[in-house]
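> Pasting a structure below so you can have a look.
The values are calculated or read from the model by the stated rules, or taken from the named source; none is laboratory data. It should be emphasised that the depicted structure is a prediction, and the values quoted were computed from it without experimental measurement. Glycine also receives a Cβ, built like all others from the backbone with ideal geometry; neighbour counts cover every protein chain displayed.
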Amino acid sequence: MVIYHDWRGLPESARGAVVALGNFDGVHRGHAHLLRIGHAARPDAPLAVLSFEPHPREVFRPDDPPFRLTLTAERAVALAMLGVGLLYEMPFDAAFSNMTAETFVAEVLHAGLGARHLVCGPDFAFGHRRGGDVAFLAARAEALGIGLTVVPPLMDDVGQISSSRIRRALQDGYPERANEKLGRAWAIRGVVAHGDARGRTIGFPTANIALGRHLEPARGVYAVTVTLPDGTVRHGAANIGRRPTVNAGPESRLEVNLFDFAGDLYGLEVSVALHAFLRPEQKFSGLDELRARIAADCAEARVILDRLAPL
């Protein structure tokens, strides 16, 4: 995948694509469905996604708690796995938000990207104060000779597969439900930072990763897999929360114990995928009780993860 951060001055190799429009937070099965239909509409053209960074909600509602399912790196990886060759990741700020719907179509999609075909969901809205809707897009695209496919949402037995449903599943402690809608395990990608090394003193060294702008799922212990920078995948158990037994700090963090691993991960970017919720976060009477419970958690996580397809 090639990523561009501006619609102006693109090389010819980055123009003339089928362009899927949207935020693509999570890159779930509904997004994959939209991309498949877009590619089928013009299989002779490159497949591209036009999205925004940061997410517009982060600009308009900066005081909201973090809600992102995927940040830029994880989103790009997920899109590439679906066959997307071009990602137009447009910087979203106050100036961009003031662009009219007409300007967006004429200058960004037509003149800038040279889009050959567009694909979006029926509720796609764009431009200043969301002044452009699908009907407006259809009329302007036709006038400019650009194809358009509007894809109905993908449904399951409950309703529309959406990022909001996946967020709720994670916050309620059901990663398996979220993963089914995603089509893969939900992952937090981040850089391993130095912690207080307390886990090492009780026999369970951990890699510490800040949640940052990621959604905070239900606090507690999870069975996880960890993808290392070299592509190696390891099993482990992770705690997400404030560590009430030893610290109870103001911010939640992700702490991962990789099974049978002794390497140094400090400063490296890893991706931690959640597979099963083992128990809620709780406070123990002391380090001995904590150590015993962590050992039991790790044993349970090993059983769950051993049932997964071989790594």
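> Considering only the stretch 200-239, state which residues are hydrophobic (A, V, I, L, M, F, W, C), surrounded by fewer than 18 Cβ atoms within 10 Å (Cβ to Cβ) and assigned to a strand (DSSP E or B).
Passing the criteria: Ala210, Val233.
> Report, by residue number, each residue of the stretch 31-50 that is surrounded by 22 or more Cβ atoms within 10 Å (Cβ to Cβ) and either in contact (Cβ under 8 Å) with a residue 40 or more places away in the chain or small (Gly, Ala, Ser) (or both).
Matches in the stretch 31-50: His31, Leu34, Leu35, Gly38, Ala48, Leu50.
> Moving on. Every residue in the stretch 109-139 that is surrounded by fewer than 16 Cβ atoms within 10 Å (Cβ to Cβ) and on the phi < 0 side of the Ramachandran plot, please.
Of everything in the stretch 109-139, those that are surrounded by fewer than 16 Cβ atoms within 10 Å (Cβ to Cβ) and on the phi < 0 side of the Ramachandran plot turn out to be Ala111, Pro122, Asp123, Ala125, His128, Gly131, Asp133, Ala135, Ala138, Ala139.
> Let me ask you something else. When the stretch 262-311 is examined, which residues are found to be among the basic types (Lys, Arg), in a helix (DSSP H, G or I) and over 21 Å from Ala187 (Cα atoms)?
Selection gives Arg291, Arg293.
> Of the numbered conditions (1) of a type in the set (A, V, I, L, M); (2) at pLDDT below 95; (3) touching a strand residue (DSSP E or B) at 6+ places or on another chain (Cβ under 8 Å), Val18 fails exactly one; give the number of that condition.
(2)
A quick yes/no check of all residues on (1) closer than 23 Å to Lys181 by Cβ; (2) modelled with pLDDT of 95 or more; (3) in a helix (DSSP H, G or I):
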site: Asp6; (1), (2), (3): no, yes, no
site: Leu10; (1), (2), (3): no, yes, no
site: Asp25; (1), (2), (3): yes, yes, no
site: His31; (1), (2), (3): yes, yes, yes
site: Leu35; (1), (2), (3): yes, yes, yes
site: Gly38; (1), (2), (3): yes, yes, yes
site: Pro43; (1), (2), (3): no, yes, no
site: Ala48; (1), (2), (3): no, yes, no
